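Before any comments, here is the structure.
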Amino acid sequence: MTTARLASGSRRGPAWDWVRIRRVLRKSQFHFGVAVIVPTLIWYFVFMFHPIFQAFRIAMVDYKILDPQNSPFIGLGNYQKLLLNPLFLVSIKNTFTWTLYIFLFMLPISMLVATTLSNVRRLRNLYQAVIFIPVVVSLVAVSLLFRMVMDPEVGQLNRMLDFLGIPPFKWMSSSRSALAAISGIAVWKSMGFYIVLLTAGMLNISEEVIDASRVDGANEWQRFWRVTMPLLSHTIILVVVLLTVGSLQEFTLPYVMTEGGPGTATYLYNLLIYEEAFTHIRFGTATVAALFQFVFILIASLIQIRVLRPNWSY
Amino acid sequence: MTGSAPALKPAPHITSPWRNLRQGVLHVFLGFMAIVALFPFVWMVFASFKPFKELVQSKALLPINWTTENYTEILTRVNFEVAVANSIYSAVTVTVITLLTSSALGFIFAKYRFWGKEYLFILLLSTMMVPFAVVLVPLYITIGDLNLVNKLWGFIITGLWSTFGVFLMRQFMEVIPYEYLDAARIDGASEWRIFFTIIIPLSTSPMAALGIFAFLANWDSFLWPLVVLNTPDKQTLPLLLAGLRSIYWARYDMWSAGSVMTTVPIILVYAFASKYFIRGMALTGIKG
């Protein structure tokens, strides 16, 4: 391992160090490393680190688009403006409700399907492949598709309900059902992803543990809660964190399906950030709102990982 | 969990009638879920061949009067081909460059030793925790400073490096034996040659997964192109589709034709490579 030897310190004094450095500079590894790392650092600086630092600055000024250098410093003024915006609390409430719906629909459905998939003996890959299809298609196309299917008058969904003798439902055109209806679509769109994760986790559980529980006389129900679930906890943490982080940042579905309506029924937090920034051109308040989201997501994920982390290993 | 260990001989109880009934119930449930996942697309494909009047009136799944009018209209009235070209151009560019940057950095982080390597890695990884909304405005300002607003490259340039991709490739390249690299070095191969002729061929499986992941993420990207690209000649497919809502208000025939042309090519590719798609998506979870 030439690289390893070069990296370790020498005990032969500064002159030897210089020889070593010169030798490194001639190495092909060095050229390759520089050619990859330098553009990487430039890109990360321009498109990641600098914007993140800028965000903290923009949050404290009254950003003037036409003359950004002379944007007056207003300290916490943007925070105040955001808190006074009536849509702020509405969007937070909607986003929490949305996240709750996603969890309520997604976890039971995906657990059930994953359990079924891991127990079925034939055609498992085929079922999985078909259930996965909605994950790979464009979300905007799916949004349009469900706006058609859920149309209160001509949509297929109400036609089917009619066929079954159930009165038509307003889906997205009623402010009472819009959020739940769209979250149902979000679940339909991405359940395949979580099902694949959970199925892979379940199939990873070793046969011996399952057999041992069988020998001990555990029934299916006990085996699920006492063996499968605990051994699946790493996958479940992942699913819970990904669901939370994703749901709290949902944008495309409500934007394309309802644009936050009817009224403010589906006005989620990221719609607020987007509209503050690019409809009302209030860069400062939009960035403050985004920073709030950042802090909240960070704390929420840390708590989830801490609470759900298994306190055992084997 | 009988299916997970095909090498084992089935236990006697597995073939019992009770077991068969149970398997039957599982198949019925999975079949139902498969229909739930697939039916909306089937409906959409048939709807796209119906004339508007029939689409909003008939209850039948299959069109009575087949028509391709919807497709010809959408192709002539909106810049559909332009959006397809834009989407393909940006998705292919981003995918190819992301694969190169991720595998090169994965190689360096997995196999090189230099001062500050782990710090640098953690610094790059830490950007994954920041929600996109935080950089939405500053990034827009940066793109403005670079004179890339309403240019396809304004959308592309922000996707050329993928922190997740670097992480994924490093994970896989850790297990490549040092002996391979040392043997090549003794034979006088340059690092570029090692990278292209040893590292990349040994990493095709994670690269296929990452490539599919990057392509789909870019193909489906909505918020950022919505902000950066404004005029119809620069639009990507998702923007054009979303625009149909206002150009063709409740013209479900147009919508379904546009959606079919966006989704069906992806579904067809998926049908032949579903294994790689699923693996690609699952890797994001198992390794993450």
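Can you tell me how many residues within segment A:163-188 are at the interface with chain B (Cβ under 10 Å from one of its Cβ atoms) and open to solvent by 10 Å² or more (accessible area, probe 1.4 Å)? Final tally of qualifying residues: 2. Consider B:F39 carefully, then state whether it is open to solvent by 30 Å² or more (accessible area, probe 1.4 Å) and not in a helix (DSSP H, G or I). Considered against the rule, which asks whether it is open to solvent by 30 Å² or more (accessible area, probe 1.4 Å) and not in a helix (DSSP H, G or I), B:F39 comes out as no.
Just one of the numbered conditions (1) closer than 18 Å to A:N85 by Cβ; (2) touching a helix residue (DSSP H, G or I) at 6+ places or on another chain (Cβ under 7 Å); (3) within 10 Å of chain B (Cβ to nearest Cβ) is not true of A:F294: (1).
Consider segment B:138-170. How many of its residues are polar (S, T, N, Q), under 23 Å from B:L99 (Cα atoms) and either modelled with pLDDT of 95 or more or open to solvent by 20 Å² or more (accessible area, probe 1.4 Å) (or both)? So the answer is 2. The condition of being modelled with pLDDT of 85 or more, open to solvent by 40 Å² or more (accessible area, probe 1.4 Å) and either under 22 Å from B:K117 (Cβ atoms) or acidic (D, E) (or both) holds for only one of A:I42, A:I37, that being A:I42. Checked against the criterion of being within 30 Å of A:F56 (Cα to Cα), facing chain B (nearest Cβ under 9 Å) and either assigned to a loop (DSSP other than H, G, I, E, B) or touching a residue at least 12 places away in the same chain (Cβ under 8 Å) (or both), segment A:202-216 has no qualifying residue. Sub-8 Å Cβ pairs linking a first residue in segment B:175-190 that is in contact (Cβ under 8 Å) with a residue 12 or more places away in the chain to a second residue that is open to solvent by 100 Å² or more (accessible area, probe 1.4 Å) and charged (D, E, K, R), at least 6 apart or interchain, are B:A184/B:R193, ordered by first then second residue.
Taking segment A:174-196 as the range and being among the β-branched types (V, I, T) and over 16 Å from A:L104 (Cβ atoms) as the test, the residues that pass are A:I195, A:V196. Listed conditions (1) among the charged types (D, E, K, R); (2) at pLDDT below 90; (3) assigned to a helix (DSSP H, G or I) are all met by A:E275, apart from (2). Looking at (1) open to solvent by 30 Å² or more (accessible area, probe 1.4 Å); (2) in contact with a helix residue (DSSP H, G or I) (Cβ under 9 Å, 6 or more places away or on another chain); (3) not in a helix (DSSP H, G or I), which is the one condition that is false for A:D151? It is condition (1) that A:D151 fails.
From the list A:A286, A:A290, pick out the single residue that is among the small types (G, A, S) and in contact (Cβ under 8 Å) with a residue 40 or more places away in the chain. Exactly one residue qualifies, and that residue is A:A290. Does A:L107 meet the test of being surrounded by fewer than 18 Cβ atoms within 10 Å (Cβ to Cβ) and either modelled with pLDDT of 90 or more or part of a helix (DSSP H, G or I) (or both)? Yes, satisfied.
This table checks each residue for (1) at negative phi; (2) touching a residue at least 60 places away in the same chain (Cβ under 8 Å); (3) within 14 Å of chain B (Cβ to nearest Cβ); (4) not β-branched (V, I, T).
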position: A:F30; (1), (2), (3), (4): yes, no, yes, yes
position: A:F49; (1), (2), (3), (4): yes, no, yes, yes
position: A:L83; (1), (2), (3), (4): yes, no, no, yes
position: A:S91; (1), (2), (3), (4): yes, yes, yes, yes
position: A:Y101; (1), (2), (3), (4): yes, yes, no, yes
position: A:N119; (1), (2), (3), (4): yes, no, yes, yes
position: A:V130; (1), (2), (3), (4): yes, no, yes, no
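Listed by position, the helices (runs of 4 or more DSSP H) inside segment B:209-288 whose residues that are of a type outside the set (V, I, T), open to solvent by less than 30 Å² (accessible area, probe 1.4 Å) and facing another protein chain (nearest Cβ under 7 Å) number at least 3 are B:237-247, B:252-286. Scan segment B:115-130 and give yes if some residue there is of a type in the set (S, T, N, Q), part of a helix (DSSP H, G or I) and within 20 Å of B:T231 (Cβ to Cβ), otherwise no. Among the residues of segment B:115-130, not one is of a type in the set (S, T, N, Q), part of a helix (DSSP H, G or I) and within 20 Å of B:T231 (Cβ to Cβ), which makes the answer no.
Within segment B:50-66, the residues that satisfy the criterion of being at pLDDT 85 or above and open to solvent by less than 50 Å² (accessible area, probe 1.4 Å) are B:K50, B:P51. Evaluating A:N70 against the criteria (1) touching a Lys or Arg at 6+ places or on another chain (Cβ under 7 Å); (2) buried (at least 19 other Cβ atoms within 10 Å of the Cβ); (3) of a type outside the set (D, E) leaves one unmet condition, (2). Here A:F294, A:F251 are screened, and the one residue that is within 30 Å of A:L66 (Cβ to Cβ) and either open to solvent by 20 Å² or more (accessible area, probe 1.4 Å) or in contact with a Phe, Trp or Tyr (Cβ under 6 Å, 6 or more places away or on another chain) (or both) is A:F294.
Scanning segment B:105-126 for residues that are open to solvent by less than 10 Å² (accessible area, probe 1.4 Å) and facing chain A (nearest Cβ under 7 Å) returns B:L105, B:I108, B:L124. Condition check for A:A265 on (1) over 20 Å from A:N85 (Cα atoms); (2) part of a loop (DSSP other than H, G, I, E, B); (3) open to solvent by less than 40 Å² (accessible area, probe 1.4 Å): one failure, at (1).
Kindly check whether there is at least one residue in segment B:1-17 that is modelled with pLDDT of 80 or more, more than 28 Å from the chain's Cα centre (by Cα) and surrounded by 15 or more Cβ atoms within 10 Å (Cβ to Cβ). Taking every residue of segment B:1-17 in turn, none turns out to be modelled with pLDDT of 80 or more, more than 28 Å from the chain's Cα centre (by Cα) and surrounded by 15 or more Cβ atoms within 10 Å (Cβ to Cβ).
Residues of segment A:150-177 that are among the polar types (S, T, N, Q) and either over 18 Å from B:K53 (Cα atoms) or touching a Cys at 6+ places or on another chain (Cβ under 7 Å) (or both): A:S173, A:S174, A:S175, A:S177. Checking the stated criteria, A:V61 turns out to be more than 27 Å from A:Y255 (Cα to Cα) and touching a residue at least 40 places away in the same chain (Cβ under 8 Å). Taking the numbered list (1) within 24 Å of B:S103 (Cα to Cα); (2) within 11 Å of chain A (Cβ to nearest Cβ); (3) outside any loop (DSSP other than H, G, I, E, B); (4) not polar (S, T, N, Q) in turn, B:G188 passes all entries but (3).
The set of residues in segment B:78-104 that are in contact (Cβ under 8 Å) with a residue 24 or more places away in the chain and open to solvent by 30 Å² or more (accessible area, probe 1.4 Å) comprises B:N79, B:V82, B:V84, B:Y89, B:V92, B:I97, B:L99.
For residues in segment B:194-208 being surrounded by 14 or more Cβ atoms within 10 Å (Cβ to Cβ), closer than 20 Å to A:A35 by Cβ and not aromatic (F, W, Y), which is nearest to the other protein chains (Cβ to nearest Cβ)? The residue in question is B:I194.
The values are calculated or read from the model by the stated rules, or taken from the named source; none is laboratory data. Note that the structure is a prediction, hence the values are computed from the model and not measured. Positions of Cβ are backbone-derived with ideal geometry, glycine not excepted, and every protein chain shown enters the neighbour counts. Heads up: the accessible areas ignore ligands, DNA and RNA and are worked out on the full protein's heavy atoms, side chains in. Shrake-Rupley method; radii C 1.70, N 1.55, O 1.52, S 1.80 Å.
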